[in-house]
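Student: Below is the structure I would like to discuss, written out as structure tokens.
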Amino acid sequence: MREKLELPNKGKKLLLHSCCAPCSGEVMEAIIASGIDFTIFFHNPNIHPKKEYDLRKEENIRFAEKHNIPFVDADYDVDDWFARAKGMEWEPERGIRCTMCFDMRFERTALFAYENGFDTICSSLGISRWKNMEQINDCGIRAASHYEGITYWTYNWRKKGGSTRMLEISKREEFYMQEYCGCAYSLRDTNKWRTENGREKIKLGEKYYGKD
């Protein structure tokens, strides 16, 4: 039995920023089980290269369509992302480059919510154990604060078995398994670590949950 969730501040309509199907699968099913009206917002210009971006987006669309959840495919303004990341190319994961990245994506999410009748936003990013939840929540709250009537939902999706169900759903649905956070610098650093530890570099589009 799932916990029945309620939006903060008596919210009625949620815009869920989704980074990928594996992270959002459990979040979506939990929200559906609670009867919350929501829409998926896919805005992830950090994901590089375009092949990886398309793989992650199409998996997310497939799962949204399976559950009849509206899906908003936002612009892939990758040039703007690289411009914002200038000078942060060698920052570590969870550092200021990631803060910039979350800010950019959540600012766009909050704006869309404000312009289209949503009162609440949140993100599937926080369910990943590789992410700093406090960092994500700070960025989400900051983005929402710019628009009257918009609240960022800080619910901890990892708790009460959420992380375990995330993997179970990913295997059940045979989601594409991304092997790095998403940006060009994450791919660079992950491949560097793999090479130094005698492992092959990442091969895009080859690994899927439940198949390997």
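Student: Would you mind telling me which residue in Thr151, Thr190, Thr120 has the biggest mean-square fluctuation in a Gaussian network model of the chain, where springs connect alpha carbons within a distance under 10 angstrom?
Tutor: Thr190
Student: Moving on to the next point. Relative to the longest principal Cα axis of the chain, at what angle does helix 96-115 sit, 0 to 90 degrees, rounded to 10?
Tutor: Its long axis makes an angle of about 30 degrees.
Student: Of Lys51/Lys207; Lys12/Lys131; Lys50/Lys207; Lys57/Lys207, which pairs sit farther than 21 Å apart, going by alpha carbon to alpha carbon?
Tutor: Lys12/Lys131
Student: Turning to a different aspect of this structure: Amide H of Val72: which non-local residues (sequence gap of 5 or more, or other chain) have their own amide H closer than 5 Å, using H built in the peptide plane?
Tutor: For Val72, the qualifying residues are Ile40, Phe41, Phe42.
Student: Go through the range 143-148 residue by residue and turn each phi into a ³J(HN,Hα) via Karplus (6.51, -1.76, 1.60, θ = phi - 60°); whole Hz please, and just put x for glycine and proline.
Tutor: Coupling constants for the range 143-148: 5, 5, 5, 7, 10, 4 Hz.
Student: Search the structure for amide H atoms under 5 Å from the amide H of Tyr208, placed 1.01 Å from N in the peptide plane, and list their residues when 5 or more places away or on another chain.
Tutor: Hits under the 5 Å cutoff: Met177.
Student: A further question on this structure: Return Phe106, Phe71 ranked ascending by Cβ neighbour count within 10 Å, so the fewest neighbours appear first. List each step's numbers first, then the result.
Tutor: Details: Phe106 25, Phe71 16.
In order of increasing Cβ crowding within 10 Å: Phe71, Phe106.
Student: Which order do Met177, Met104 fall in if you start with the one that has the fewest other Cβ atoms within 10 Å?
Tutor: Final ranking by Cβ density, sparse to dense: Met177, Met104.
Student: So what are the ³J(HN,Hα) numbers for the range 49-57, from phi and the Karplus equation (6.51, -1.76, 1.60; θ = phi - 60°), rounded to whole Hz, Gly and Pro as x?
Tutor: Going residue by residue, I get x, 4, 4, 5, 4, 5, 4, 5, 5 Hz, with x marking Gly and Pro.
Student: Can you list residues whose amide H is under 5 Å from Leu14's amide H, if they're 5+ apart or on another chain and H is modeled 1.01 Å from N?
Tutor: Close amide H contacts, sequence-distant or interchain: Asp37, Phe38, Thr39.
Student: If I build a Gaussian network model for the chain, linking alpha-carbon pairs within less than 10 angstrom, which residue out of Gly25, Gly161, Gly11 has the largest mean-square fluctuation?
Tutor: Among Gly25, Gly161, Gly11, the largest mean-square fluctuation in the Gaussian network model of the chain belongs to Gly161.
Student: Picking from Arg172, Arg97, Arg142, which is most flexible by a Gaussian network model of the chain using Cα springs under 10 Å?
Tutor: Highest fluctuation of the listed residues: Arg172.
Student: Let me ask another. Under a crude label model (7 Å from the Cα following the beta-carbon direction), how far is Glu206 from Glu65 in nanometres?
Tutor: 2.8
Student: Continuing with this model, one more query. Could you go through the range 188-196 in sequence order and give the Karplus-derived ³J(HN,Hα) for each residue, using 6.51 cos²θ - 1.76 cosθ + 1.60 with θ = phi - 60°, rounded to whole Hz, and x for Gly and Pro?
Tutor: The phi angles translate into 4, 5, 5, 5, 4, 4, 5, 4, 5 Hz.
Student: OK, next. Neighbour counts of other C-beta atoms within 10 Å: give me His48, His146 arranged from fewest to most. Provide the component values of the computation, followed by the final result.
Tutor: Working: His48 19, His146 12.
Going from least to most buried by this count: His146, His48.
None of the figures in this text is laboratory data; all of them are computed from the coordinates on show. What you are looking at is a predicted structure, and each value in this text was computed from that prediction instead of being measured. All Cβ positions, glycine included, derive from the backbone under ideal geometry; neighbour counts span all protein chains shown.
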